[in-house]
Structure formats: C-alpha cells, structure tokens
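A short write-up of the structure that comes next.
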Amino acid sequence: MLRTELDALPVEEKTGLPYSSKVRAKDNSGRDVPVMHACGHDLHMSSLLATAAILAHSKETWHGTLLLIGQPAEETITGARMMLDDGFLTRFPKPDVGLALHVGNEQPAGKVGVGAGYRYASADSLRITIFGKGGHGAKPETTIDPVVIAARTIVALQTIVAREVKPGEPAVVTVGYVQAGTKNNIIPDQAEIGLTVRTYNPEIRKQILAAIARITKAEAEAAGAQREPSIEHYERTDAVYNDPALAERLQGVLVKVLGKDNVVPAAPLMVSEDYSYFVEAGIPSFYFTLGGADPQKYAQAKVTGEILPSNHSSLFAPDVDPALRTGIAAEVALLRNLLNGSAEDLRKSMAQAKPN
Ligand SMILES: [Zn+2]
C-alpha cells in the first residue's frame, strides 16, 4: 500500500509561485477561509500519481497487488480512522506492507530522511474546564476563583514531564490556550485550558494522561471547587512506528537508487501523523521524509542561521524539481523491491518482523 494525504490548510498562500493557490472554501464552522497546500500534500499526491503511472506502464517489472490510497483529513488526524471505520481492511485486500512519505524543509530537495522504530509522536488533545464560583472582583471571599485554579493547574502540569516521567523518555505537555473571564473586576464562573500531549511510548502516554487528570482534579479540590473539572479528550492518534526489519531493507533500496549521500538518518520528531492508525491496524510500515528545501537556499541558511519556512507556513514551497523527482524515484524503487518476490515470501518475511 502507498498512501498520500489529500487535504490542505486554511492558509493564504504567499509563495508568489505561478501556481499559487487562489482557492477559498468554507471550513467546518462555515467560515470563509483561504486554502493552501501548506503541508506539501499536493507534492505527495503528484508523486503517488506519477508512481502509479510508471508502475502501470512497467507491469513486467513487478507482480502482486498495489493499493494506492488517498486519505482525507490528515491535518485533523481523523481521516485514517474514518477510512478504517469505513471497512478499509475488509473491502480491500489487507496490505502486507505500507509506505508513506512527507516533504519538509529539514532536508534539501534530492535527499530523503530515514530511520527505524518511532518516527512521529502520539498526540492527545484535551479540553479542560475548571468550575469555580463567580462574583465581584473586590469580594473574593464570596467566590471560588477559577482563574487562580487554572493558573496553578497550568504550572503544576509542567511538573509531569519534569518530575514524573523517566528522564530520557520523549514527552511534551503543552497548554496552548487558557480562556477565562470577560472583565478585570469580575471573577468568572469557569476557566478553560487546552492541552496537547506528545510522546512515543504507550505506557508513558497512559502515565501522563493519568497524571493530568489527577493534578487537575486535585488542584480544583484544593481550592474548594464544588464541581470536579471536566476533561474532554477530543483528538488522539498513536505514534508512527517504522518496522525495524522493513526499515533496514528499504533504506538499502533507497541508498541504491538515490546514492548513499542522499539517504540521511532523520531524528524522530514530536509532531504527529494519523498514518499511525494503519500501523496500529496491523500494516507493518515504512514512513520516510522527503527533502523539500531548495539546495542552495538550504546551504545558505546553514551559514546564516536563517530558518526556512516550515510546513504550514504561507511561504512553504518545496523545490519541485528535484523534490518531486526524488519522491517518485524513491516510491517506484521501494514498491518494485517489495513487489518483486512472491507475495507469499513477503508475507513470511513481514510475519517475522511485526512491531510489538
Ligand atoms: Zn502534512
């Protein structure tokens, strides 16, 4: 299976490219928003289409079943889950191996980034509402101030990674927003905070989520809140895991087709990707990164310390040639390698290398 994402982002494109997006659309809440492929999914789609054309025109070079999928709603980490819920594994033959790539400016175009094991973190989005008791700002004795509880909670949550998680385990607890109140002399009834939690290890993930619940409840109780805070866990995705044996085999294939210098080890990142749902569904996978930066600008930026526009920026613009050419070459080579032996052989070698 080879997967591309299909979705774009509500960003106004400012790259100045002749093919800049001018599209506008309504978002889920009905707001009119600009639309841009600010995460490079357009390049992933182009790469998959070209790969499909090449393999369709060279059927004598491979055999087996190639499943090409376009996944919606990656940015909201919901599309993979929806495809699986919609019977992906029963309506189509279950893939023995899955492949996916992602373009970014971390490497210059022409190179790919590879690695085994965890590649992207799990993500959990939490909305916590703290219930106090509002009143006059000059009469705190008549209130239970949710602003103060929220402030204490935010600080206490930072002790989870610092004091509870084993040092060396990658973990992030970020409070991305806090909302409370309307006016300086009114103590509001409630406060809301929004969190994102990132980690690799499922045990650490459980530990952190439990600690968040424990600390949040205890801080409210310490302040005398009458009602327990509500914790909504509204988005989640697992970590993306590269099957180690598969990664080793396919990295060798990439070295052969792109050259040793163009296949570089890439450190795992704390960002997330809902491709993890396919891995979780039992499809051993290889996920790699595709260099997108203009090689000259990349070299210059290394010297000046300038930071190139990242994914999701209105200026994000992969250097199409060689990035696209490299993506296609990599995909074709990986698929030919996987689809050259018998499906039975592949299944056997994959069975010996299941993630645990
Ligand atoms: Zn993306």
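The values are calculated or read from the model by the stated rules, or taken from the named source; none is laboratory data. Here the structure is a predicted model, which is why all the values come from computation and not from measurement. As a convention, Cβ positions derive from the backbone with ideal geometry for all residues, glycine included, and neighbour counts pool all protein chains shown.
Before moving on, here are some points about what is shown:
- Of V103, V147, V33, V97, all but one fail to be modelled with pLDDT of 95 or more, on the phi < 0 side of the Ramachandran plot, surrounded by 21 or more Cβ atoms within 10 Å (Cβ to Cβ) and away from the ligand (no atom under 14 Å from the Cβ); the exception is V97.
- Meets criteria (closer than 29 Å to P167 by Cα, surrounded by 17 or more Cβ atoms within 10 Å (Cβ to Cβ), of a type in the set (D, E, K, R) and touching a residue at least 60 places away in the same chain (Cβ under 8 Å)) for D294: no
- Condition check for A38: assigned to a loop (DSSP other than H, G, I, E, B), touching a Phe, Trp or Tyr at 6+ places or on another chain (Cβ under 6 Å), within 16 Å of the ligand (Cβ to nearest atom) and touching a residue at least 40 places away in the same chain (Cβ under 8 Å): yes
- Conditions (1) part of a helix (DSSP H, G or I); (2) more than 30 Å from V264 (Cα to Cα); (3) in contact (Cβ under 8 Å) with a residue 24 or more places away in the chain; number of the one not met by M82: (3)
- Condition check for N185: surrounded by fewer than 19 Cβ atoms within 10 Å (Cβ to Cβ) and in contact with a Gly (Cβ under 6 Å, 6 or more places away or on another chain): yes
- Scanning the stretch 297-331 for residues being free of Cβ contacts under 8 Å to residues at least 40 places away in the same chain, among the small types (G, A, S) and part of a helix (DSSP H, G or I) gives a total of 1.
- Between Q251, Q226, the distinction of being surrounded by fewer than 22 Cβ atoms within 10 Å (Cβ to Cβ) and within 21 Å of R325 (Cβ to Cβ) belongs to Q251 only.
- Residue in the stretch 46-58 that is more than 16 Å from the ligand (Cβ to nearest atom), of a type in the set (S, T, N, Q) and free of Cβ contacts under 8 Å to residues at least 24 places away in the same chain present: yes
- Unique residue being in contact (Cβ under 8 Å) with a residue 24 or more places away in the chain, out of contact with any Leu (no Cβ under 6 Å at 6 or more places or on another chain) and crowded, with 22+ Cβ neighbours inside 10 Å when the list is A121, A138, A116, A73: A121
- Breaking point among (1) out of contact with any strand residue (DSSP E or B) (no Cβ under 9 Å at 6 or more places or on another chain); (2) of a type outside the set (F, W, Y); (3) in contact (Cβ under 8 Å) with a residue 24 or more places away in the chain; (4) not in a loop (DSSP other than H, G, I, E, B), for N340: (4)
- Which listed residue is more than 15 Å from the chain's Cα centre (by Cα) and surrounded by fewer than 17 Cβ atoms within 10 Å (Cβ to Cβ), from L67, L126: L67
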